[in-house]
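Below: one structure, written as structure tokens.
The values are calculated or read from the model by the stated rules, or taken from the named source; none is laboratory data. Fair warning: this is a prediction, and the values are worked out from it, not measured in the lab. Heads up, the Cβs are rebuilt from the backbone with ideal geometry, glycines too, and the neighbour counts pull from every protein chain shown.
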Amino acid sequence: MFKKIIFLSMSISGSIVYADAIKSLDMFLQNKQITGDFTQTVYGNKKNRVSLGSMQILRPNKFRWEYKDGQLIISNSKDIYIYDKELKQVTIKKLNSSLGKSPALLLAGGTNIKKSYTISSGAKSDGLEWVNLNPKTISDNNGFKSVSMGFAKNTGLLSQMKFIDSFDNKSAISFTNVKVGKEAKTSADDFKFKPPIGVDIINSDN
């Protein structure tokens, strides 16, 4: 995702941070197409778990989140398919029952996140402008206690996301090669999924 003259200076600076950060978020949410690579880190007490992958997003609610270790998560805006190549298993969920429970869904939802989260500015750090998102109601926290999004100052593109879930587990995602709008080339076929022959299929909504 920091005597009078000093206070005035801090107040002005804080307002600028807020405006820049919120503007970056608004512009990012208005883009229909997004692609990029990511490094996801889940922090543990003894060891962190790091995963690499790529993402494709076509708003509203279509995404392809592919890990290099063989796991693939795809949403066609109605259903979510979670394919584990190693386990030869596909889990199918209805989108409405899972909305907001993963970084991919949070990003693919676009401006809808403003309905569920209170948005505020964060401190500048690591050359990024941060926006904090906190669930409006505890009973419907979408799996996250808090989310922070860091945008690059020079481009306004999403660079990092940090998460704290309902169990106080922390994770972070760093994004590279992010492209938005016309530069992000996606097609409807990217968000279709047909389970491979021979895999176990689990419908978690039944």
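Take the residues in region 35-76 that are crowded, with 19+ Cβ neighbours inside 10 Å and among the β-branched types (Val, Ile, Thr); name whichever of them is nearest to the chain's Cα centre (by Cα).
Step by step, filter region 35-76, then rank; the result is Ile57.
Tell me, which residue of region 95-119 that is over 15 Å from Lys78 (Cα atoms) and of a type in the set (Ser, Thr, Tyr) is modelled with the highest pLDDT?
Thr118
Quick one: which of Phe151, Phe175, Phe193 is at pLDDT 85 or above, outside any strand (DSSP E or B), aromatic (Phe, Trp, Tyr) and buried (at least 18 other Cβ atoms within 10 Å of the Cβ)?
Phe193
If I filter region 1-23 for residues that are modelled with pLDDT of 85 or more, among the polar types (S, T, N, Q) and either assigned to a helix (DSSP H, G or I) or touching a Gly at 6+ places or on another chain (Cβ under 8 Å) (or both), do I get at least one hit?
Scanning region 1-23 turns up no residue that is modelled with pLDDT of 85 or more, among the polar types (S, T, N, Q) and either assigned to a helix (DSSP H, G or I) or touching a Gly at 6+ places or on another chain (Cβ under 8 Å) (or both).
For a quick check of your reading of the model, give me the residue pairs whose first member lies in region 164-187 and is under 12 Å from Val147 (Cα atoms), whose second is among the hydrophobic types (A, V, I, L, M, F, W, C) and part of a strand (DSSP E or B), with beta-carbon atoms closer than 6 Å and at least 6 apart or on different chains.
Taking only residues 6 or more apart or on different chains, the pairs are Asp165/Phe144; Lys170/Ile164; Ser171/Val42; Ser171/Phe163; Ile173/Phe38; Ile173/Met161.
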